[in-house]
């Protein structure tokens, strides 16, 4: 197909604000992804926007299949939609005391 560009699973992103580490949650507009590599401010890095990732969790339990949102201030996952950015769906339930939650990125 002549108009195919790419599979759309990885976004090229120019790091702004603060440096990122591989595995960090990265917010690009309304897209939520995970940094594939480390990047200093000004570097262009790959950000995965498809797949299932273990991400830092805010307080509270999250049930399997629940909508997952990122708190922009700290990059943690919550089930609270208000003032947060949609990231995808909880892949595996996480208890209140868990530090991470598995999330299927979606947009």
Going through segment 51-82 in order, the residues found to be surrounded by fewer than 13 Cβ atoms within 10 Å (Cβ to Cβ) and within 23 Å of residue 15 (Cα to Cα) are 73, 74
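With the condition kept exactly as written, say whether any residue in segment 42-50 is in a loop (DSSP other than H, G, I, E, B), modelled with pLDDT of 95 or more, loosely packed, with under 13 Cβ neighbours inside 10 Å and touching a strand residue (DSSP E or B) at 6+ places or on another chain (Cβ under 6 Å).
no
Inside segment 16-41, can you point out the residues that are under 15 Å from residue 106 (Cα atoms) and either assigned to a strand (DSSP E or B) or assigned by TED's automatic domain parsing to the domain that holds residue 91 (or both)?
25, 26, 27, 28, 31, 32, 33, 34
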Notebook entry, point to check: Taking residue 4, is it within 11 Å of the chain's Cα centre (by Cα), assigned to a loop (DSSP other than H, G, I, E, B) and at pLDDT below 95?
Noted result: no
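The values are calculated or read from the model by the stated rules, or taken from the named source; none is laboratory data. Note that the coordinates shown come from a computational prediction; the quantities given were computed from them, not determined experimentally. Using ideal geometry, Cβ is built from the backbone for each residue, glycine included, and neighbour counts are taken over all protein chains shown.
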